[in-house]
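The values are calculated or read from the model by the stated rules, or taken from the named source; none is laboratory data. None of these values were measured; they are calculated from a predicted model. Ideal geometry is used to build each Cβ from the backbone, glycine not excepted, and the neighbour counts take in all protein chains shown. Calculation scope for accessible area: heavy atoms of the full protein, side chains included, ligands and nucleic acids excluded. Shrake-Rupley method; radii C 1.70, N 1.55, O 1.52, S 1.80 Å.
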Amino acid sequence: MIAKKYSASQYVKALRTLYKRLPKNHPKFFKIKNEFYQNQAGEIGEEAVMKVLEKLKLPYKFYVFHNISLYSDTLFQMDIIIITPYYALIFEVKNINGEIIFTDQQLLRKLETGESHTFENPVLQLEEYEYQLIQLFKSIGISLPIYSAVVFAFTSSYIKVAPANKALIFRRGIKPFIRSINVGLPILTDSQLDSLKNYLLKNNKDFQPFPLINYFGIEPNSLLKGVECVCGYIGMKKVIRSWYCPACKTYNKNAHESTLKDYFFVFKNTITNQECQQFLLLNNKHEASKILRNPLLISTGQSRNRKYSLINGKEQPSFSKSNQT
Ligand SMILES: [Zn+2]
C-alpha cells in the first residue's frame, strides 16, 4: 500500500515561478529554464510510475513512498522506495525522451534534431542511495537486502546502450520486475515493517531550498514584479476590489494570492508593507495592508518595521482560492 503518495513538489512550482520571472537575457536564464523543465519532466514520470504502484498487489505486506529524503552520512533523496518484510527496492525514475546511451559516468541523450544533452548517470545515483540506505538501516538494526532499478516512465525513451550492471525497466515492466524478486524467509515481521514505515515517514526531510533566489544566487532586482494572471501574464492591474488582466481582459479578485505565495518561495521569506506594494505593483500602503491581513500570515514587529511571514514556512501553504499550477 501507499505510505507516502505522489505529491507535486513545491520546488518545481517555485522553479516555474523563477523561470517565468527571470528576463531572457539574464545570465542564469538557461540554467533555470533547464532546471525547471528537467524537474517538471521528472515529476510527470514519477507520477506515472506511482499510478502503477497504486495498483500493485503482492502476496506480502509492502509500503510505497514517493519522494523521500533521509539523512544518513548525507541527505539523500529517493524518487520511490518500496519496503517489504523481505527487501527494500529503490526506483530512480527518468523521463528523458530520445536516444539514450549509458556510459560509465553519464547518461547521454540524442534528439532527432541532432541536439544532444548529458545527464547524471542514474546508476551512480542508485549506488549512492543503496549505500546510504544500508548505513541508515544498520544504524537502526535492520539488515534488509536492497535492490534498485532505473525506471523509464515513457516509451519516448529509446535505450540504445543500457547500463551494464543495473536493472533498467520501463513502466510496463515494473510489476513483473517486482514479482520476479526471489523471497525466502521474511527478515522483518509485519509489525517491524510498520515501525520501519513510521520511522521513514518521521525522518523524511523535504528539500527546502527556499527562497530560491538565494539558493541560485540571483539578485532580487533582476526579477519581474507584478501579479500573475491565470493566462500567464505578469503585471495585472489593481482595481477596486479586484485585479484586471490587460492580456486576457478578465477580472480576478483573488489573483494576488498565488503571487504572494510565489514571493515567499522565490524571493524572500518575510514581506513588509512596502515590499508588498512593490512586488504586487500596488497603488498605496492601504491596499497592501488589506492583502497582508491574511489568516495564513503572521506578523512580527511594530508599525513601520512590521514583517509578515507564512504561518508555517516549512509547510506548503494552501491559500484559499487561485491554487494555480
Ligand atoms: Zn490574463
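What is the angle, in °, between the Cα long axis of helix 190-203 and the longest principal axis of the Cα atoms in the chain? Nearest 10 is fine, range 0 to 90. The two axes meet at around 30 degrees. Say R0 is 22 Å: what FRET efficiency, to the nearest 0.05, do Lys24 and Ala247 get from their beta-carbon distance? FRET efficiency, Lys24 to Ala247: 0.75. Compute the acute angle (0 to 90°) between the alpha-carbon long axis of helix 10-21 and the principal axis of greatest extent of the alpha-carbon atoms of the chain; round to the nearest 10°. Taking Cα atoms only, the helix is inclined about 50 degrees.
Annotation: per residue accessible area for segment 2-203 equals 50 Å², rounded to a whole number [probe 1.4 Å, protein chains only]. Each listed q (0.19, 0.25, 0.26 Å⁻¹) maps to a log10 I(q)/I(0) for segment 143-235 from the Debye sum over equal C-alpha point scatterers, namely -1.05, -1.26, -1.29.
Considering only Asn221, Thr250, Val161, the residue lying farthest towards the positive end of the dipole of the chain is Thr250, judged by Cα position with unit charges set on Cβ. Rounded to the nearest 500, the 222 nm mean residue ellipticity of the chain from helices alone is -10000 deg cm²/dmol, with -39,500 (n - 2.57) taken per DSSP H run of at least 4 residues.
Modelled label positions at Ile240 and Asn198, each set 7 Å beyond Cα in the direction of Cβ, lie 5.9 nm from each other. For Ile100, the shell of other residues with beta-carbons less than 9 Å away shows a net charge of +3, using +1 for Lys and Arg and -1 for Asp and Glu. Calculated on C-alpha atoms, the gyration radius of the chain divided by its Kirkwood radius gives an Rg/Rh of 1.03.
Taking the C-alpha atoms only, the angle from helix 29-54 to the longest principal axis of the chain is near 50 degrees.
Summing +1 for each Lys or Arg and -1 for each Asp or Glu, what net charge is found among the other residues whose Cβ lies under 9 Å from the Cβ of Trp243? Local charge sum for Trp243: +3.
Expressed as a whole percent, the accessible area of segment 2-203 that falls on carbon and sulfur atoms is 50 (1.4 Å probe).
Using every pair of distinct Cα positions in segment 225-310, the Kirkwood expression returns a hydrodynamic radius of 13.0 angstrom. The label-point distance for Thr189 and Met1, in a model that sets each label 7 Å from Cα toward Cβ, rounds to 1.9 nm.
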